[in-house]
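Take a look at the structure below.
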Amino acid sequence: MSDLVSNATRGVLAEFIVAKALGLRTDCVRMAWDKCDLVAQDGLNVEVKSAAYIQPWAQREPSKISFSVQSKRGWDANTNVQDKEARRHADVYVFALLAHEDKSTIDPLDLDQWRFWAVSTLFLNERKRSQHSITMATLLKLVGAPVSYGQLAQAVTRARGARG
């Protein structure tokens with residue numbers, strides 16, 4: 001995984017970064033298609049969505065930031081059974097933005113280049129607008145300023161207690 005800026009690898013890296021910020025185990029095998037990305041020992045389910053302004057391909061302008069929040073039919077790796085109905089399986093969504101905008105100096109391993117929002121799934125379920133995606137502009141308007149890596153665990157705790 002040498003290209004940490006590309007969408008697929010950046011997403012896996014974002015999951016790892018969030019897991020570390022939350023103090024979760026990172027020494028176990030990641031189940032790519034499980035119902036949610038991270039499960040804490042206390043049962044908290046976290047979905048991590050990542051985005052970036054800079055992509056590895058040629059760009060005329062930075063990417064517009066949007067995160068998918070679409071309901072999905074969950075799959076359980078232990079039983080190999082898929083849910084009959086689509087829904088959001090996480091308790092909290094963490095939106096991870098690789099916010100650096102200079103391609104020549106972007107470094108996904110530099111935690112200072114990341115910004116995060118932690119949002120209760122209840123909040124997403126109660127939104128009147130799109131149930132498929134949420135833009136950075138909407139996050140700023142409805143949730144507020146992003147947090148840094150060092151503030152992420154506290155933001156997740158707040159989102160976990162939020163009721164929408």
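The values are calculated or read from the model by the stated rules, or taken from the named source; none is laboratory data. Remember, predicted model here, so these are calculated numbers, not experimental data. Cβ coordinates were reconstructed from backbone atoms using ideal geometry, including for glycine residues, and neighbour counts include every protein chain displayed. Surface areas here come from the heavy atoms of the whole protein model, side chains and all, with no ligands, DNA or RNA. Shrake-Rupley method; radii C 1.70, N 1.55, O 1.52, S 1.80 Å.
Observations on the structure shown:
- Where the range 7-164 is the region considered: accessible area per residue in Å², 1.4 Å probe: 59
- Peptide ranges 149-161, 67-79 listed from the most packed, as the mean C-beta count within 10 angstrom indicates: 149-161, 67-79
- Estimated at 0.36 nm per residue, the fully extended path between S63 and D42 surpasses their Cα-Cα distance by 3.9 nm.
- If R0 is taken as 22 Å, the Cβ-Cβ distance between R25 and L4 corresponds to a FRET efficiency of 0.55.
- Applied to the range 100-113, the Karplus parametrisation 6.51 cos²θ - 1.76 cosθ + 1.60 on θ = phi - 60° returns per-residue 3J(HN,Hα) values of 5, 10, 10, 4, 6, 10, 5, 8, x, 7, 8, 5, 5, 8 Hz, with x for Gly and Pro.
- Counting Lys and Arg as +1 and Asp and Glu as -1 over every other residue whose Cβ lies under 11 Å from the Cβ of A153, the net charge comes to +3.
- Compared with the dominant principal axis of the Cα atoms in the chain, helix 7-21 is inclined by about 70°.
- Virtual spin-label span in nm between R127 and D102, 7 Å along Cα→Cβ: 3.2
- Note on the chain: GNM, Cα springs under 10 Å; of S133, S148, S120, the largest mean-square fluctuation is that of S133.
- Cβ-defined net charge surrounding T138, 9 Å radius [Lys, Arg +1; Asp, Glu -1]: +3
- Angle between the chain longest axis and helix 152-161 axis [Cα atoms, degrees, rounded to 10]: 30
- Proximal charge balance of W114 [Cβ under 15 Å; K/R count +1, D/E count -1]: -2
- Here the Karplus relation 6.51 cos²θ - 1.76 cosθ + 1.60, evaluated at θ = phi - 60°, turns the backbone of the range 115-129 into coupling constants of 10, 9, 10, 10, 10, 5, 4, 4, 4, 5, 5, 8, 4, 8, 8 Hz, with x for every Gly and Pro.
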